[in-house]
Structure formats: C-alpha cells, structure tokens
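Engineer: Got a structure for you, questions after.
The values are calculated or read from the model by the stated rules, or taken from the named source; none is laboratory data. Quick caveat, the model's predicted, so the values are computed rather than measured. With ideal geometry, Cβ positions are generated from the backbone for all residues, glycine too; neighbour counts draw on all protein chains shown. Just so you know, the surface numbers come from the protein's heavy atoms only, side chains and all, with ligands and any DNA or RNA stripped out. Shrake-Rupley method; radii C 1.70, N 1.55, O 1.52, S 1.80 Å.
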Amino acid sequence: ETMAYNLLKGKKGIIFGALDANSIAWKTAERVHEEGGTFVLTNAPIAMRMGQINELAEKTNSEIIPADATNEEDLKNLVEKSMEILGGK
C-alpha cells in the first residue's frame, strides 16, 4: 500500500493510452487519482473497444473522450471537451 500525499491536488490533465491494468498510462492514472489530480482519459476508438478503460474511468471518477491521436480534428475536440469537463486551461 502506497501513501498518498495529495501531491497533485488541483492539477488537471489528459491521460492517453490506458488500455488495461498492464499499461503504464493505466498505472499513471491510478497514481494521479490517488494523489488528488483530476484528468480525462482518452484512447483511439479501436483501442477503447479492446481495453477496459471504462473500468478505470469508474475507479478514478474520470470521463472518457475517444480520440485518434493522428487526427487533428479529434485532438482539437479532445482539448475543447477536456477544458469544459476540467474547467479552464
């Protein structure tokens, strides 16, 4: 069991690529959540169908915004929606 010190309280961001419990992004999301940070989760639509990102979102009280990182329109939408959800820049 790790100690949490609220090191990321008030910090906000976007976490890309959490597919399942073995992915680095997944472990990062869990730690950021434990340390008080808030974030939006994103992954490519195809990866989202394969992984367990919904489980992570539930566990960390996060919203998911599908986005293909190679698509400029998707990324623009991701940033705009994330700012709405997280409040501000």
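Engineer: What number of residues in the stretch 19-43 are in contact with an Asp or Glu (Cβ under 9 Å, 6 or more places away or on another chain) and over 19 Å from Ile85 (Cα atoms)?
Structural biologist: Count: 3.
Engineer: Filter the stretch 1-34 down to the residues that are assigned to a loop (DSSP other than H, G, I, E, B) and of a type in the set (Asp, Glu), then identify the one that is modelled with the highest pLDDT.
Structural biologist: Going through the qualifying residues, I end up with Asp20.
Engineer: Restricting attention to the stretch 30-66, which residues are under 10 Å from Gly17 (Cα atoms) and of a type in the set (A, V, I, L, M)?
Structural biologist: Residues satisfying the conditions are Leu41, Ala44, Ala47, Met48, Ile53.
Engineer: Which of the residues that make up the stretch 1-20 are open to solvent by less than 60 Å² (accessible area, probe 1.4 Å), more than 24 Å from Gly88 (Cβ to Cβ) and among the hydrophobic types (A, V, I, L, M, F, W, C)?
Structural biologist: Within the stretch 1-20, Ala4, Leu19 meet the criteria.
Engineer: If Asn54 meets every condition in (1) closer than 30 Å to Met3 by Cβ; (2) within 10 Å of the chain's Cα centre (by Cα) apart from one, which number is that one?
Structural biologist: Condition (2) is where Asn54 drops out.
Engineer: Then there's this: Assuming Trp26 fulfils every condition listed in (1) out of contact with any strand residue (DSSP E or B) (no Cβ under 6 Å at 6 or more places or on another chain); (2) among the aromatic types (Phe, Trp, Tyr); (3) open to solvent by 60 Å² or more (accessible area, probe 1.4 Å) apart from one, which condition is it?
Structural biologist: The single condition Trp26 does not satisfy is (3).
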